[in-house]
Each structure stands twice: as C-alpha cells, then as structure tokens.
Amino acid sequence: MRSAAVLLLMAWAMPAASQESVERRKHALEVLLKNLVPSRTNFNGRINATDKSWEDWVRRTGELPPDFDAMPSYPELPDPLVIREPGHDVPVKTPADWARQKRLLRAQIEHWVFGKMPPPPGNLRAVVTGVRTEGAVTVRDVRLEFGPGHRGSLRVQLMIPPGKGPFPVFLTNHPRTRPWVATAVRRGYIACIYFAADPMYGNEDDSDKFIELYPEYDFSCLARWAWAGMRAVDYLHTLPEVDKNKIGLTGHSRNGKQALVAAAFDERIGAVIPSSGNTGESNPWRFTTDMFANESLQLLTGAQPHWFHPRLRFFTGREDKLPVDQHTLMALVAPRGLMLYTAYSESASNPVGFEQAYRAARRVYQFLRKEENVWLHLRAGEHATTAGDIENFLDFFDAVFGRKPFPKWETWVHGYAFDDWRKLSGETANPLSYPRRAPGDFLKSADTPAAWLQKKEALRKNLLWAMGDEPAGIHFPARRKLDGQVMTSSGWLPSIFNRPQPNAEGLARIRSEGMGLAELAFGDDLNGTLFYPLGADGKPAPGRRPAVIWLHPYTYQNGWSAGMPWSSKRADYILDHRPSFPALTKRGFAVLAFDQIGFGSRVLDAGRFYQRYPKWSLLGKMVADTRAAVDALAALEVVDPDRIYLLGYALGAKVGLATAALEDRVRGVAAVCGVDPLRLSTPNKGTEGLRHYSHLHGLLPRLGFFIGQEDRVPFDYGEVLAMAAPKPAMVVAPTLDRYARIADVQREIEAARQVYRLLGREAALRVEMPEDFNRFPRRLQEQVYDWLAALP
C-alpha cells in the first residue's frame, strides 16, 4: 500500500481527473513516444518480472505522465529545507520539521525515481559458508537469508584485519576483481562486499530474485542493489568486531548511484562516497538536459531502463517538474558523512551540476550544524579511479569517523557565485533608474531604415553594457596557410577527450569521412581545430570555401567535442543532438571548433575569471573570442571571407546571436534554442530567467540586479536578433523548451521580424518551432545544414 505522503504528492501532481487533464497527459505521452529514442531491451537486468522495455511497461500499465500543467515548476534545485504542500510552502525550522520533511522526500523519491522498497525483513539469519585466511587477514563468506519463507538470499564477504576490534567498515558492492577493498584493509577497516551488482562484473546479481520475492513492491534495479546493501548493514550490526557507528559505504559509477540511495534511506550508514555516478547520482537531473551533452534523463532511462522506475522517463524535457532531484538524496544523508567525488573532465559528468548539488546539500548540513561532514572533490582525469582515489576515500572516512584529522576537501572548478562577484567587482545598479521595456518597443522611434540605424547604435551600447567592460587587447598574427607549426596549444585535456590530432594517426581517423584537419591559433593565445573537405585525391579541395564556426552548448566537461563519434564510448546509442562535422564538410564548408572559456580544455580558466576581470563578463569574453576566430578564418587563403557563418546551440546560440549583432564580417547565423525573452521570463513563468545568466552560469552578472524588475533589463534577445538584420538568420525555438516559454520567444522573434521587414529582407529570417524539447537532433541538424548551404 502507498503511504499517505505518496498519496498526497500524487494528488498534488494530478489534482483533477478532468477530461482536459487526461487529454493533456495523453498528448505528453505521444510527444515522448515521437521524440525519444526507443529504450533498450538487451540490458543486463530486468525492469520487473513482466516488462522487457519501458514501452512494454507503458502498454501494460496504461500509466500516463502526470499533468505537467498542473504541477509547479522548479527550474532550479528544489530547496530541501522547504516543505512543499498544496497551496503553500513551509520552511524547515526545527528538528521535528526536518524529520517530517525527510519522510516526505523519501516518499517522493520512491514514487518518482526509484520505486517503492520493502521494509526491513526482520527475520534475517546468517549462514557462514566459508572461512579462510589470507596472510593475517580473515576472509569470511556468508549467505544472508531473509524475507518470506527465508527465500531471499544475499552473499556477503568480509575481510577482517588482525588485531582487537571493533573495527570501522568499508562497505561496497564492488567485487574483489575491482581494486576497492585492499587499501581499506591496510588502513584498519573491515572490508565488506555484498553481491548485488551488475552481472557485468562477473558475479550473479543476488538482488535480481527480489523481484519475485517482493512482487508487491516496484523497486528498480538501483533500489534493489541499495536495499541489499541495507541488509548487509543488518548483518554487520550483529557482529561484535564491527564498530557500528563507523560504517562507510562507497561505490563507483552505477555502484555510486546505489550507494547514495542506500545511505539516504538507511541512517545506520555513517558516511558515503558516491564516486563518479554522475547522472542519477550526484549530478542533478536538471543539469543533464541535452544542452549539457552528458547522460541525460532521456539517455539513461532508455539505455538502462531497469536502473530507475519507468515513471522517471516521463520527465524527459520536463526535469523542472520533478519535485525532487539528486541533491535531495544528499540532503537525506545529512548530518552523516557525504563526499561528492568525480572528475571534472568525465564525458558523462558536469562539474557545474555537481557544484550546484553540493551547494544545495550543504545548506542542510549547515542547518544541522555539521558542515564539516560534507565534502566536494572534483578531480582531474576521466572516469576510472586509481589507488590514490581509494586512499582519498579512506581519508574522508577517517576524518568523519574521528580516526584521523584530515582537512576537508572543497575543490571547485567553476566556483561562481553572484554574491562573490558583487564583492569582487564592487558593482551596483538601480533597476528603477532604467525605463520599463516591452518586446518591439524599440521600433516606435525607428520606422525608417535610417532611423533604425540610429536606434541600433543605442541598442548596441545596451548589449555592450551587459557584457561588461572589455579590456584593451591585441590581434593575434593572422595565418594565411594551413601548413606549418602552430605555437598555441589546448593543453593535455583534449587527449582525455580523445579528439583527433593533426598528426598521422589523427588525420587517418577522420580521412575516411572525407575531412582534413588543421590547428588554428587565434585571439588571446587560443587554439581551435579546423575541419575541411577533401577532394577525391585525398587532398584539400581546391578553391576558397565558406566556413562555419561551431559554438558548443553547456558542455563544461569536454567542450566542442562532447559526444562526437570519436569521443563517445556509446556511439551506438548516444543521443543524436551532437553536431555532424562530416555533414557540413560534405556540403563544402570548413568548420572551426574551439572551447569557450570555462569549457572543455579551458574548463579551469573560468574559476578566477572575475578575480582577473571583475568588470567584464564570461559572455563578453566568449563573444570576443568568437570575433577573434572570425579574424583567423577570414585571413586563411582557403576560406571565403565573405561567407563566414555561425552555428550555435543553447549557450553557443546566445554567443552566436550576440556576435552576429556586433561583428559585420559574420554573414549569417543559425541559433538553436538561443532566443531568451529576458524581460518576459518573470519568476511566475517557471524558467531560470535572469538567474540563468547572473547566478547559475555567471555569463552576465549585471543582469542579477534586475531580478524582480525584469521588464527594465537594458537589452533583450529580440533586439539582438534585430541588430543582426539583414543578415540571414535561422532561429530554432522548440515549443516545449523548458528554459524559455514559446509564446514569449515568439514575441521576441516577431519584434525582430519587423526590422527584417523594414529593411526589405524578411525572407532572410527563417524560424522553426518544432514540437520538441530543448534539443538539437540529427533531423533538425540536416535542416540547418541545408539552410546554410543554400545561402549565397
């Protein structure tokens, strides 16, 4: 039976079973089925005893998505210290409030994300199946039996160091074939392994049989692994050699996901380190949408449909409607030990998502006066761990358990906070000193082309004010030919990203796709990669060719190469929103790609940006770098300087629009999910609004002064698009983009269209509004490429 808390939240999500509500829910399901990649059926595990895929579950149960229109939007991470009730919010102020909130949060997490778990069985018994010694260490194999008729079983293996206990415990579901327990034993911990993990590790998953053992519970695979870990804790609590207050749990990748669930639901676990579990672990769902190009909700619930409850897949593209997120699990661990641990350059990660989750969870630790128990470590490297990482884990356990005083880790990569910027810059702005504005009002005094030129200059100054005070700079010496040595470098990170290099091996990798490759130096000592078409003889195609600058989305972890076929281990199942450079070069384009500041090979460069340039902005720097890239392209003898275009998605679209508005040599721009209605994105719209720029990503901090006074913002994207006129522009605005309400986006676009009409170039503005989420799928890419290829 469902708890009262679950019934309450379900009533909130679906307050009325009206026919209109049912029709909206049916349509939401149709949109999902139309736009989602079908879920896998050949995975290691089972969704349940009946269904082989998510689609099977939908057909069998007839369950519909919730009525999203009736659910509140939380564009940022929901505050765990606020109890959400129908009609009002209640702040958590007392321990009793927090105890109540924990019950509600756990119920919501089970309902929407992991499924309902059984209660503790209460009849656990342990059968020792073997004891041996390895040197001075005792190895004990145990079979736990529990549940109805004691039909449930779970294998457990203990490695007990010599000496007099009680000992702390290092608990994991990693088998010994993964090097996770040896260091723990040397550090004086009992190592305990429970055999509930993916069969890919070479052992049977004991938790799989829980499906038949508890048919009335719909707990997913990750929840079953976590529940198994709790049964291991049941056993550990019976052992005199165990220090029951010092049980530390950890796991890596998918095992990190289950470790966090177990610690959130079992308060006997004294500390937990979820390591590199990324999406579905410490990177919130809200920071896994397609524009972040990591493992999105869509990807993960399709590629591994058994890991989570099928209900979670309904929230694809509507992550803001989830009443909980992964930071909620972290909050439920408080005040016990928690260390977030991942690599900032992992292909499936997102350092900004981790930082936001850490900030949100830290607030709960501060409320409980245990801030010293929550750590953040964003390490260098990729997914795999080293022996040194395990030592770091044990340092954390030792510190939290009071065994040794290791200093707290709080390593940041982006590290931006609006209040920090205000202190650094000393900036102030009174929004009331700015006039109220509305979409299209700039045309009232610009009804002729000449009048528009004057107005355009005023709008340009407003945009430049928002982008900050750009310091004086110099031009990088232009290069005419593609041969010769390039003296700039992108550093060591591109090797982690597996990017093709301009050497024999790298060239061979892409030559089969009809492309050549060269490095290009430009701007403030920057380095980019130029892809160009090859002729039938395998040499650069003759003549000058048009060029496209690809401007990447919010791919903090690996920049412009995120998800490229050569950098993805999941090329057979990766979502198709990554750009296809071969598709562009086959149309005759040269393509320049480079990392924006704070992304990819430059991921560490934004951390001190506002200490170095307190009056400038990250977006201003991105536009300056893009204009420098135009400089470099225009100088090349293989590029037609009169046919340089910009193509951007999400962040890249914003950079592209601003650059096209300011840079005359840009002859056209394609912007996918880039037109933001800043003045119309008020808090009641349920979008990130101005906070996206001023608080979350730090792109334009000055906009933070206008929160609550959005209609006084000095510039808006309709004006930026108008400033690009009469250049050809293709704007893609999906109707279900949760970051910008489509009706408001339409108002901005229509305001810009009036300028195109005024200048006699209305046909140069093309607008596509697919019924889709914030994505750049392959079918849409082909439309954009065809549009670019047709430009004169």
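The values are calculated or read from the model by the stated rules, or taken from the named source; none is laboratory data. Everything numeric in this text was worked out from a predicted model, so none of it was measured. Cβ placement follows ideal geometry from the backbone for every residue including glycine, while neighbour counts extend to all protein chains displayed. Just so you know, the surface numbers come from the protein's heavy atoms only, side chains and all, with ligands and any DNA or RNA stripped out. Shrake-Rupley method; radii C 1.70, N 1.55, O 1.52, S 1.80 Å.
What FRET efficiency comes out for Glu750 versus Glu23 if R0 is 35 angstrom and r is the Cβ-Cβ distance? Round to the nearest 0.05.
Numbers: r = 29 Å, r/R0 = 0.82.
Result of the calculation: an efficiency of 0.75.
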Theoretical gain in end-to-end length, Ala634 to Arg460 [0.36 nm per residue, Cα-Cα removed]: 60.3 nm
What's the magnitude of the charge dipole for the stretch 213-267 around its Cα centre, counting Lys and Arg as +1 and Asp and Glu as -1 at the beta-carbon? Answer in Debye, nearest 20. 240
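If you build the convex hull over the alpha carbons only and average its shadow over all orientations, what do you get for the stretch 445-550? Give it in nm² to one decimal. Present the calculation step by step, with values, prior to reporting the outcome.
Details: hull surface 44.9 nm².
Across all orientations, the stretch 445-550 yields a mean hull projection of 11.2 nm².
What's the extension gain from Leu453 to Glu782 if we count 0.36 nm per residue and subtract their Cα-Cα distance?
115.0 nm
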Once the dipole of the chain is set up from charges on Cβ (+1 Lys and Arg, -1 Asp and Glu), the residue from the list Val139, Gly718, Ser425 lying farthest towards its positive end is Val139
Most positive-pole-ward Cα, Thr687, Ala583, Ala228, against dipole of the chain from beta carbon charges: Ala228
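Just subtract the alpha-carbon distance of Lys93 and Arg511 from 0.36 nm times their residue separation and send over the number in nm, one decimal. Working shown, then result.
On the way: separation 418, 0.36 × 418 = 150.48 nm, distance 6.28 nm.
Here the segment from Lys93 to Arg511 would lengthen by 144.2 nm.
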In 10 Å bins starting at 0, how do the alpha-carbon pair distances of the stretch 215-300 split up by percent? 18, 41, 28, 11, 3, 0
State the percent of C-alpha pairs, over all pairs in the stretch 354-480, separated by a distance greater than 25 angstrom. 60
Translational diffusion of the chain, µm² s⁻¹ [Kirkwood Rh, Cα pairs; Stokes-Einstein; 10 °C; 1.306 mPa s]: 57
Under a straight-distance cross-link criterion of Cα-Cα below 16 Å, which lysines are reachable from Lys26, leaving out those fewer than 8 residues away in the same chain? Lys34
So, relative contact order of the stretch 201-288 in percent, Cα under 8 Å, 6 or more apart, is 24
Mind putting together the pair-distance distribution for the stretch 693-792? All Cα pairs, 10 Å bins, whole percent per bin, short to long. 14, 36, 38, 12, 0
Taking the full set of protein chains and a 1.4 angstrom probe, give the accessible area of His697 in square angstrom, rounded to the nearest 10. 0
Counting only Cα, what are the radius of gyration and maximum Cα-Cα distance Dmax of the stretch 115-182, in Å? 14.4, 43
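Taking every DSSP beta bridge with both residues inside the chain, roughly what % is antiparallel (nearest 5)? Can you show the working numbers first?
Numbers: 38 of 85 bridges.
That works out to approximately 45 percent antiparallel.
Quick one: if the Förster radius is 60 Å, what FRET efficiency do Thr61 and Ala472 give, using the C-beta to C-beta distance and rounding to 0.05?
Working: r = 64 Å, r/R0 = 1.07.
Efficiency, from the Cβ-Cβ distance: 0.40.
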For the stretch 583-649, using Cα atoms only, the Rg and Dmax in Å read 14.5, 44
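If you place +1 on the Cβ of every Lys and Arg and -1 on the Cβ of every Asp and Glu, how big does the dipole about the Cα centre of the stretch 533-688 come out, in debye to the nearest 20?
On the way: 20 positive and 14 negative charges, 41 e Å.
The dipole of the stretch 533-688 has a size of about 200 debye.
Take the alpha carbon atoms of the stretch 79-210, find their radius of gyration, then divide it by 2.2 N^0.38 Å using N residues; give the quotient.
Numbers: Rg = 19.8 Å, N = 132, 2.2 N^0.38 = 14.1 Å.
Here the Cα radius of gyration is 1.41 times the empirical estimate.
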Okay, which of the stretch 312-352 sit inside 15 Å, backbone N to the point 7 Å along the Cα-Cβ direction of Arg359? 327, 351-352
Taking the Cα-to-Cβ direction at Glu204 and at Leu759 and moving 7 Å from each Cα, how far apart do the two end points lie in nm? 7.1
Starting from the 7 Å offset along Cα-to-Cβ, what nm value, one decimal, do you get for the label separation of Ala136 and Ala790? 7.8
Computed E for Asn684/Ala536 - FRET, C-beta separation, R0 41 angstrom, nearest 0.05: 0.10
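Sorted by packing (mean other beta-carbon atoms within 10 Å per residue), highest first, where do 435-447, 684-696 land?
Ranking, from highest mean packing down: 684-696, 435-447.
Could you tell me the relative contact order of the chain? Use alpha-carbon pairs under 8 Å, at least six residues apart, and round to a whole percent. Could you put the intermediate results ahead of the total?
Values: 1609 pairs, mean separation 84.3, N = 792.
Normalised by residue count, the contact order of the chain is 11 percent.
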Which order do the peptides 353-365, 472-484, 161-173 take when ranked by the mean count of other beta-carbon atoms within 10 Å per residue, highest first? 353-365, 161-173, 472-484
Rounded percent of accessible protein surface that carbon and sulfur make up, the chain, 1.4 Å probe: 52
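What does the helix-only formula give at 222 nm for the chain: each DSSP H stretch with n ≥ 4 adding -39500 (n - 2.57), the total divided by the residues, and the result rounded to the nearest 500 deg cm²/dmol?
Details: 23 runs with 250 residues, N = 792.
Counting only the DSSP helices, I get -9500 deg cm²/dmol.
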What accessible surface, in Å², does a 1.4 Å probe find on Glu768, ignoring ligands, DNA and RNA and rounding to the nearest 10? 50
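With a 10 Å radius around each residue's Cβ, average the other Cβ atoms per peptide and rank 286-293, 486-493, highest first.
Values: 286-293: 26.5, 486-493: 14.5.
Averaged packing, sorted descending, gives the order 286-293, 486-493.
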With +1 assigned to the C-beta of every Lys and Arg and -1 to the C-beta of every Asp and Glu, and no other charges, what is the dipole magnitude of the chain about the Cα centre in debye, to the nearest 20? 600
Result for the chain: accessible area per residue, probe 1.4 angstrom, in square angstrom, of 37
